[in-house]
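Below is one structure, written out as structure tokens; comments come after it.
Laboratory data are not the source of any read-out in this text; all were calculated from the coordinates shown. In this text, all values refer to a predicted model and were calculated from it rather than measured experimentally. Here the Cβ is made from the backbone with ideal geometry for all residues, glycine too, and neighbour counts use every protein chain on show.
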RNA sequence: GCGACCGUGGCGGAAUGGCAGACGCGCCUGGCUUAGGACCAGGUGGGGAAACCCGUGGGGGUUCGAGUCCCUCCGGUCGCACCA
């Protein structure tokens, strides 16, 4: 006790010492070519913002790091890389705001992030750090584009974008505020059709969906797979042709409800539908053109926002309902989207809410074709009745009276037989537009030649460097910033040598992040994106932890890219992330941390005051990792006090010379219980309960005045994932020579997790009335007999008949009397 | 609107259908101190002197037994959202 002063726990000193040692000794850099038990522990890499990492990021990274360290203690060769997702519109906009070039800003931010990530004690293999903005990286992002292009998975088509007439540039959806440009609040944003590059992700829709249910390929959080299922949006239905009246053409629609065919009383086409011009009668032409102009003037966000008042106009043309033979009017309306289905619908106002609203507004006929069994087939339609269960068809010719679900199949079969339609599967998923009309991204490696068309840049010429132009902001000319840089823009065609022009679009940041996990183990290789032997050793990623905000796009795009690479023979696996878990969100004062709310907590000051280990423990203790929690200053002293008590306990061990002293059975049991509990909790990412179990063990040790060296050493090992520097120092005090992470995770003996005597609660009619202490494994009869002796039990059983006796072995005895 | 998740002390949160509130914060009492926002010991869901009674958003159900399962209503969080 006397020299405790000199051995006071000083987190700043301990943490600096071990961070320096880890770096010197390359403690966290596994041998990528020889590791025997590779475990790829990946966390979603950050976008290096100017503000630095906030507590939310630290929470996510720490949780992932804790898991990686746990796996390492279990004997795996853990590879835990980190990098920076530094391209994109955020960086560019921020740079524009400050007037500093992103190429200057980003390295500064990365340096700051690196400092913070080191300071918090992550087990990162710094040798493998990467940034997506590094030409050595984006060279291979461009290579990846070419792989897709040459295999026919990349193509160009016109797509709609938000266009600000004032900035004369393209805006992302989040830059459009209530239909106005975020930088020009008086300027309405329009839609414009531009030639853009797309990837054929829709070709893989079925496989992307099917693999979600294949546990051998992917073990993911349910919330995440569910989000992907919704996004893929598989639906079954039929495509049906409606002949145009007085014309030889037909309009094809997609519907999931062929059972309601007899109720189709009009048709609606998307305003952009190619047949509109041809169908429109002279009398309606002016109105139709005006409406189409009006829709085009809207931005994409306002157009798609739901619950909007329906608008639309009549084209003057009619179609024929193939079932009824009746003439039905053809309208155009912006609630029908060109991107989905066929861009045209059969409107069944009686049984579709949107069609109902439209019919009401424009006075179109509403015909009921479904009614609940036994109800009036002519009951007025007060609202759209969209259910099918318990409904049968009415006013539907030969199918009247048939249950809706059966009629759906039968009518579809009839349509196919008669040549009016085909059974079809549709996905909500659309092709991935990877074009960005911006500066801060990897140039798409294509050269446009007047005679050869788009020609890929030869692999030997990669990377196509992003030219370091000063004026990278979009200007009034409407020309992409890259096109203004003539010596870059004009190049000879690689095929014919004629003067060509470079593609001026850069690629989406989601392409950068769709393959970064492949690059990490190969950052030292510069003649190919990844080495096949290394990739086979480390990939797919063993455990991936990240935010559910990326549940759909990032994770789906990464899966798609892996499938393409697999198909092209570049990788052996089809699914890139074997296990994925989403972490929760840290809130502050009940609100999500955000700059606008001004409640962002910067971790640096907490680490300076409490130390990284205490900070890490606090983050992991404040709530379940997969659910997040509320960050408040008040709780952080708990974990710090805990560490100080453990520190003192280690100090006591150092003074105990007596070996093999008798350890009380209750402590031994507690030790085995704790190892079991902590091990299981770590695997389940239930870090808060793992820490609670360690605290319980410490409390038991203190209460029984026990400082048994082996138990304390086990405790230090179990603590190491949470408080790595602290544990290293304690380990060294115990005589450890290299690192605590070369120790092995403690094991438990199931038989020692229970004491010789057990307390069995006794219930009478389900209410606890007493407790009996019996030897482990006691017979039910003996326990019941002992229970009956208890006064509290007697009080409730006396004079009553024992109707039933329930004994849950080792847990509880319930006496049912009456 | 659709889908998923969640409502437990003063607070963060624990509980394979089996003693509700582990663990921590805070608070209370005492000790040690010139002092305490340090440390140590004890206490801490509500009511009650006690025996006991009540208690996991509200209501109903299944069960010997429900925070946990089912139905329903209320409240909240997160996705998706005119997807035919």
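Annotations
- If R0 is taken as 51 Å, the Cβ-Cβ distance between residue A:587 and residue A:471 corresponds to a FRET efficiency of 0.80.
- Considering only beta bridges that DSSP places wholly inside chain A, some 75 percent are antiparallel.
- Distance (nanometres) between label positions extended 7 Å along Cα→Cβ at residue A:702 and residue A:158: 7.4 nm
- Förster radius 25 Å - calculated FRET efficiency between residue A:376 and residue A:353 (Cβ-Cβ, nearest 0.05): 0.70
- Cα-based helix-to-principal-axis angle, A:89-98 vs chain A, degrees rounded to 10: 90 degrees
- Overall form of region A:441-508 per C-alpha gyration tensor (a/c, 1.5; a/b vs b/c): prolate
- Between residue A:459 and residue A:484, the modelled label-to-label distance comes to 3.6 nm, taking each label 7 Å out from Cα in the direction of the beta carbon.
- Separation of the residue A:34 and residue A:214 label points, Cα + 7 Å toward Cβ, nm: 3.5 nm
- Between helix A:709-719 and chain A: long-axis angle, C-alpha atoms, 0 to 90°, nearest 10: 10 degrees
- A straight line joining the Cα centroids of region A:552-591 and region A:1-72 runs 24 Å.
- Alpha carbon centroid spacing (whole Å) that separates region A:198-239 from region A:93-148: 31 Å
- Euclidean distance of C-alpha centroids, region A:431-452 and region A:749-767, integer Å: 69 Å
- Dividing the convex hull volume of the alpha carbon atoms of region A:301-405 by its residue count gives 125 Å³ per residue.
- Cα extents of chain A along the three principal axes, largest first (Å): 104, 86, 50
- Shape of region A:1-86, Cα gyration tensor, a/c cut at 1.5: oblate
- Ordering of A:693-706, A:531-544 by packing is A:531-544, A:693-706, highest average first (other Cβ atoms within 10 Å, averaged per residue).
- Gained length - residue A:790 relative to residue A:222, 0.36 nm times residue gap less alpha-carbon distance: 199.6 nm
- Dimensionless Rg/Rh of region A:660-705 - Kirkwood Rh, Rg from C-alpha atoms: 1.05
- Helix A:404-418 vs. chain A, principal-axis angle (Cα, 0 to 90°, nearest 10): 40 degrees
- Ordering of A:237-250, A:550-563 by packing [mean C-beta count within 10 Å, highest first]: A:550-563, A:237-250
- Global geometry of region A:29-131, whether rounded, prolate or oblate, following the gyration tensor of its Cα atoms and the 1.5 cut on a/c: prolate
- Burial order of peptide ranges A:297-304, A:577-584, A:382-389 (average beta-carbon count within 10 Å, highest first): A:577-584, A:297-304, A:382-389
- Here's the picture: a label point sits 7 Å out from the Cα of residue A:115 along the beta-carbon direction, and within region A:79-107 the residues with their amide nitrogen under 16 Å of it are A:105-107.
- Region A:158-207 - convex hull of the alpha-carbon atoms, volume per residue in Å³: 89 Å³
- R0 of 22 Å, Cβ-Cβ distance residue A:248-residue A:416: FRET efficiency to nearest 0.05: 0.50
- Gain on full extension, evaluated as 0.36 nm per residue between residue A:806 and residue A:752 minus their Cα-Cα distance, stands at 16.8 nm.
- The gain in end-to-end length when the residue A:287 to residue A:195 segment is fully stretched comes to 30.3 nm, 0.36 nm per residue minus the alpha carbon separation.
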